[in-house]
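S.K.: My questions all concern the structure below.
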Amino acid sequence: VPREMIDHKCLKILRAKEWAGLDRLKPVAITNLVADLNTDQAQQLRRSLYQNAITVLRNNEQVLPIRGLDTLRIASLVIGDTLHNAFQHYLHRHARIDDFRCDKVLNTDSMTALLARLKPYDLVIASIHGTSFKVDKEFGIPQVTLEFLRRLGDQQIMAFALFANPYRLSQAYGAQRWGGLVCAYEENDDTQDLVAQALFGAIPANGRSPVTASAYFKQGRGSVIDRTQRMDFALPEADSVATADLARIDDIVRDGLEKRAYPGCQVLVARDGHVLWNKAYGKQTYTGRPVRTDDVYDLASVTKVASTTLAVMRLYDEGRLDLDANLGTYLKDLASMHPAHAGLKLRDILTHQAGLVAFVPYHGKLVRNGKPRADVFASAPDAEHTVRVSDSLYMKPAFQDSLWAAMLAAPVKPRGEYLYSDLDFHFMARVVEAITAIPLNVYVENTFYRPMGLATIGYKPLERVPSDRVVPTEDDRDFRQRLLRGDVHDQGAAILGGVAGHAGLFGNASDLAALLQMLLNGGTYGGTRYLSDSTIATFTKCQFCATSVPTTADNRRGLGWDKPQPAGKPGPACECVSYLSFGHTGFTGTQVWADPLDKTVYVFLSNRVYPSAANKKLVELGIRTRIQEVVHDAVAKRGNVKN
């Protein structure tokens, strides 16, 4: 190489350095450099860039966004990663899905066997993981993997998520026949989360391919997926809320953990349909494994609103239920033998002023010498003992009728005085079942939970959720003589086999948030209408308040829903919420609350009754309302996020 050329090139570089000011460069301070580069705002920018890059390269017959969740059987197949990986975890937030996995390299017999296992499903969501940026390594996707995907796509409807370089599609023969193909270009926690949301329409996808991968996948290609009004999962900064303002939740939760108010909990905060905070804290038990966001809690009295009240709202919406009708209108057998009950008005029952007692401790009659009666229970189900009351404890069904008789034998006081009662919702569950001729658990499952894509919520959790994901409640020494895990804590609901109008529902925070968001949406979710906005307004307003601002003399309740207590008096919610807000609390340490004024949803789930229901620290420390104050303070400061 000539000396003159070397001098010329070197001088060119030196001049560029001088132009850039490198001769006057001061060393960069690297103290806290990682934190300085990874601010909350920077994290949001990064996530936004990933979201806007998501490209739908194929959408045959509008497979995406995935709809019809009440009828579709969906499988997730991860290729080259462990079962229940991050992508599958994120998919489960949007629907009930069966998980599968396989290696990238499959022989013919393994392919055939796996295809046979997947064939019964209406839709398979396939994804490849552990990819590479190296061309000579086939971008981490062997040709045999693409061959398997070709066979899978030819067999049934498939949506494929590619977390890799789109150039690998140049040899994806048959890809033009796949139902859906979504490219995220990189594999990390953000892209897996965002692709899962895009597949179900929780977020839009409108990216365009920056390259031509093949004659079929050309530069600029990309279909648009619009958002379908499902809740999305975002960082607080995406909604102009500061993460630092919500971080005070951590301090309050830790205070409760340190003082043993509960072993662990879930906290969810959403605003305007965006989940901004969804965290699990502590452990399932004080010595158990850490709580996860997909763990399931006994919701206790939240059942009253998340099951029975929703069912009543739907029947009212359809004109099949009259709020001012008498109980005997629907429960015909009450008229002759129980006229006092037959004359109770549904509006009074739903607002806890019908005159019914708080509860009937009938379970005490089923215990003798501190143990479940041998003439009532057996340790395993048989022809006589068909009702599961708890693990290894099965009851004769005749005693369910005895519970019902005991409730009808309880005195009925004059209407008008507010008294919170479980019996109210025992009766309302019977009304729902009388009108629909369907068990309550089946009705709410088919009407709300499955169509909305709620993966965890429902009665009898052990029938659909692994037992290790069901958080234990009380070590019941008074009735069942065992730790309760997956069997309802409430004794009356347990006698009814785990399905009751006042208790028995299990679920996680995100499923409950979706139900509340549906109500804040005016009754729609995911593009489907479940309730009318007028019905929601009717049920969530105070029924017997003299003015829009209730006084201490008023019954504060809505229809099924609880409402804020008047100022200066302890209630279920903090004084920071509006009087438009509504929600409910549960005995096991749960709370749900929605406020239409600032469009917030707040969910707190715990098992404060573990190991004993005598633990009152959750209420004494005001944990739930203190967190609620943080939420509303943070939302009130929206727009003050600094970039």
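S.K.: Order the peptides 499-510, 329-340 from the highest to the lowest mean number of other Cβ atoms within 10 Å of their residues.
M.R.: Working: 499-510: 27.7, 329-340: 14.4.
Packing proxy ranking, top to bottom: 499-510, 329-340.
S.K.: Please work out whether the range 351-445 counts as rounded, prolate or oblate from its C-alpha gyration tensor, where a ≥ b ≥ c are the square roots of the eigenvalues and a/c under 1.5 means rounded, while otherwise a/b larger than b/c means prolate and anything else oblate?
M.R.: Details: a/c = 2.76, a/b = 1.46, b/c = 1.90.
Oblate shape, in that a/c is at least 1.5 and b/c is the bigger or equal ratio.
S.K.: When only C-alpha pairs under 8 Å and at least 6 residues apart count, what is the relative contact order of the range 99-235, in percent? The partial results should precede the final answer.
M.R.: Details: 199 pairs, mean separation 25.0, N = 137.
Relative contact order of the range 99-235: 18 percent.
S.K.: Still on this structure, please answer the following. So what are the ³J(HN,Hα) numbers for the range 158-167, from phi and the Karplus equation (6.51, -1.76, 1.60; θ = phi - 60°), rounded to whole Hz, Gly and Pro as x?
M.R.: Once rounded to whole Hz, the list reads 9, 10, 10, 9, 9, 9, 7, 5, x, 4.
S.K.: Taking only DSSP H segments of four or more residues, each worth -39500 (n - 2.57), what value at 222 nm results for the chain once the sum is divided by all its residues, to the nearest 500 deg cm²/dmol? It would help to have the intermediate numbers written out before the result.
M.R.: Working: 21 runs with 187 residues, N = 643.
The helix contribution divided over the chain gives -8000 deg cm²/dmol.
S.K.: Still on this structure: How far apart, in nm, are two points set 7 Å out from the Cα along the Cα-to-Cβ line at residue 464 and at residue 292?
M.R.: Each label point is offset 7 Å from its Cα along the Cβ direction, giving 1.8 nm.
S.K.: Which order do the peptides 173-183, 268-278 take when ranked by the mean count of other beta-carbon atoms within 10 Å per residue, highest first?
M.R.: Details: 173-183: 21.0, 268-278: 23.4.
Order by mean packing, descending: 268-278, 173-183.
S.K.: For residue 156 and residue 578 in one chain, what is 0.36 nm times their gap in residues minus the Cα-Cα distance, to one decimal in nm? Write out the running numbers ahead of the final one.
M.R.: Values: separation 422, 0.36 × 422 = 151.92 nm, distance 5.02 nm.
Answer, rounded to one decimal: 146.9 nm.
S.K.: Further question: Of the options 372, 33, 341, report the single residue whose Cα projects farthest towards the positive end of the charge dipole of the chain (beta-carbon charges: Lys, Arg +1; Asp, Glu -1).
M.R.: Highest projection toward the positive end goes to 33.
S.K.: Which value in nm describes the separation of the simple spin-label points at residue 386 and residue 240, placed 7 Å from the Cα toward the beta carbon?
M.R.: Result for the modelled spin labels: 5.9 nm.
S.K.: Another question about this same structure. Considering only Cα-Cα distances, which of the following residue pairs are longer than 20 Å: 365/396; 304/599; 332/460; 332/396; 365/616? Display every interim value, and only then the final one.
M.R.: On the way: 365/396 14 Å; 304/599 22 Å; 332/460 29 Å; 332/396 26 Å; 365/616 27 Å.
In this structure, 304/599; 332/460; 332/396; 365/616 lie more than 20 Å apart at Cα.
S.K.: So what is the relative contact order of the chain, in percent, for Cα pairs below 8 Å that sit 6 or more residues apart? Mind dumping the intermediate values first?
M.R.: Working: 1291 pairs, mean separation 97.0, N = 643.
Once divided by the residue count of the chain, the mean separation gives 15 percent.
S.K.: Under a Cβ-only charge scheme (Lys and Arg +1, Asp and Glu -1), can you give me the dipole magnitude of the chain about the Cα centre, in debye to the nearest 20? Kindly include the intermediate steps, with their values, before the conclusion.
M.R.: Values: 76 positive and 70 negative charges, 138 e Å.
Magnitude of the dipole: close to 660 debye.
S.K.: Now a separate question. I'd like to know which of 505, 585, 290 lies farthest towards the positive end of the charge dipole of the chain, counting +1 on Cβ of Lys and Arg and -1 on Cβ of Asp and Glu.
M.R.: 290
S.K.: Also, quick follow-up: Got a sec to turn the phi values of the range 214-230 into Karplus ³J(HN,Hα) couplings, 6.51 cos²θ - 1.76 cosθ + 1.60 with θ = phi - 60°, whole Hz, x for Gly and Pro?
M.R.: Result, rounded to whole Hz: 6, 4, 8, 9, 9, 4, x, 6, x, 8, 9, 10, 8, 5, 10, 6, 7.
S.K.: Per residue of the range 361-373, in order, report the coupling 6.51 cos²θ - 1.76 cosθ + 1.60 (Karplus, θ = phi - 60°) as ³J(HN,Hα) in whole Hz, putting x for Gly and Pro.
M.R.: x, 5, 4, x, 6, 9, 10, 9, 6, x, 9, x, 4
S.K.: Please give every one of the lysines within straight-line cross-link reach of residue 104, meaning a C-alpha to C-alpha distance under 28 Å, and leave out same-chain neighbours fewer than 8 residues apart.
M.R.: Of all the lysines, those that pass the test against residue 104 - Cα under 28 Å, at least 8 places apart if same chain - are 119, 134, 137, 218.
S.K.: Less than 14 Å from a label point 7 Å out along the Cα-to-Cβ axis of residue 251: which backbone N atoms in the range 17-60 qualify, by residue?
M.R.: none
S.K.: Sticking with this structure for a sec: Round to a whole number: what % of the accessible area of the range 512-592 belongs to carbon and sulfur, probe 1.4 Å? Mind dumping the intermediate values first?
M.R.: Values: 1530 of 2830 Å².
The computed percentage sits at 54.
S.K.: Further, regarding this structure: For P(r) over Cα pairs in 20 Å bins from 0, in percent, the listed values are (i) 17, 49, 29, 5, 0; (ii) 15, 42, 30, 11, 1; (iii) 17, 46, 28, 7, 2, 0; which was obtained by calculation from the structure presented?
M.R.: (iii)
S.K.: May I ask you to list the lysines whose Cα is less than 26 Å away from that of residue 17, ignoring any residue fewer than eight positions away on the same chain?
M.R.: 9, 26
S.K.: Highest mean first, how do 363-371, 297-305 rank when packing is the count of other Cβ atoms within 10 Å averaged over residues? Present the calculation step by step, with values, prior to reporting the outcome.
M.R.: Numbers: 363-371: 12.7, 297-305: 28.4.
Order by mean packing, descending: 297-305, 363-371.
S.K.: Once you put a point 7 Å from the Cα of residue 335 and another 7 Å from the Cα of residue 6, both along the Cβ direction, what distance in nm separates them?
M.R.: Taking the simple label geometry, residue 335 and residue 6 are separated by 11.1 nm.
The values are calculated or read from the model by the stated rules, or taken from the named source; none is laboratory data. This one's a predicted model, so the numbers in the text were calculated from it and none came from an experiment. With ideal geometry, Cβ positions are generated from the backbone for all residues, glycine too; neighbour counts draw on all protein chains shown. Just the protein is used for accessible areas: all its heavy atoms, side chains included, with ligands, DNA and RNA removed. Shrake-Rupley method; radii C 1.70, N 1.55, O 1.52, S 1.80 Å.
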